[in-house]
1. It is to be established whether one or more residues within segment 37-47 are in a strand (DSSP E or B) and either at negative phi or at pLDDT 95 or above (or both).
2. Can you name every residue in segment 170-197 that is surrounded by fewer than 19 Cβ atoms within 10 Å (Cβ to Cβ), at pLDDT below 90 and over 25 Å from residue 97 (Cβ atoms)?
3. So is residue 133 within 23 Å of residue 72 (Cα to Cα) and surrounded by 21 or more Cβ atoms within 10 Å (Cβ to Cβ) or not?
4. Residue 7 - would you say it is in a strand (DSSP E or B), under 21 Å from residue 216 (Cβ atoms) and in contact with a helix residue (DSSP H, G or I) (Cβ under 9 Å, 6 or more places away or on another chain)?
5. In this structure, is residue 19 without any contact (Cβ under 8 Å) to a residue 40 or more places away in the chain and farther than 24 Å from residue 217 by Cβ?
6. Those residues that are assigned to a helix (DSSP H, G or I) and closer than 27 Å to residue 15 by Cα, I need them from segment 71-102; list them, please.
7. Determine which member of the set 156, 161 is in a loop (DSSP other than H, G, I, E, B), touching a residue at least 40 places away in the same chain (Cβ under 8 Å) and more than 21 Å from residue 90 (Cβ to Cβ).
8. Mind telling me which of the residues 164, 102, 109 ends up being more than 30 Å from residue 64 (Cβ to Cβ) and surrounded by fewer than 16 Cβ atoms within 10 Å (Cβ to Cβ)?
């Protein structure tokens, strides 16, 4: 579904991504783990054509290097960004409606009902401004907004960042539910244990390079991963 080959990104004199290769098969959850500054968010931003890169990115067999970000969203590729980036002065309903900006018709209302089913607290706070929500609720809103574009492949950038352990557990349950509904997931996480437990396949990034890859369960048992990311 998504193939990335020899992905390179430069920020001025900094070589942020150094020839990354990765694949996401339809129906998978793929996790990308690594420390701060490893290049995880940069990878997703490049895939969405939010930053310039060299190399190739193919989505559903088509090279998308010259495709506008909005057209990628219309084609079923979406990103719930790091830091949530909701609109704080807009209500929950207004934030969700903006997530469906590329779509029209009665299906939009059905999708909003599904988001409320996934996140009952969002329905309870439907007229509340996004900026007044808790961190966990804002993350739910960010994921819900991304779902409103009806993605086939959803990319999540640090969905558990800054959240309490119980909220993190809820977020990962929701990720599984989204996946079970037929959405392919590419997940970036610093919470390596949670990310690997949920992943069909995973990649480990260090200073802009993929240094390990394999089934999530295998990497969870890898001594190098346990030592560097799991504190074992």
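1. The answer is no; no qualifying residue exists.
2. Within segment 170-197, 190 is the sole residue that qualifies.
3. no
4. No.
5. The answer is no for residue 19.
6. 72 - this is the single residue of segment 71-102 that is assigned to a helix (DSSP H, G or I) and closer than 27 Å to residue 15 by Cα.
7. It is 161.
8. 164
The values are calculated or read from the model by the stated rules, or taken from the named source; none is laboratory data. Computed from a predicted structure; not experimentally measured. Quick reminder, even Gly has a Cβ in these numbers, built from the backbone with ideal geometry, and neighbours come from all protein chains shown.
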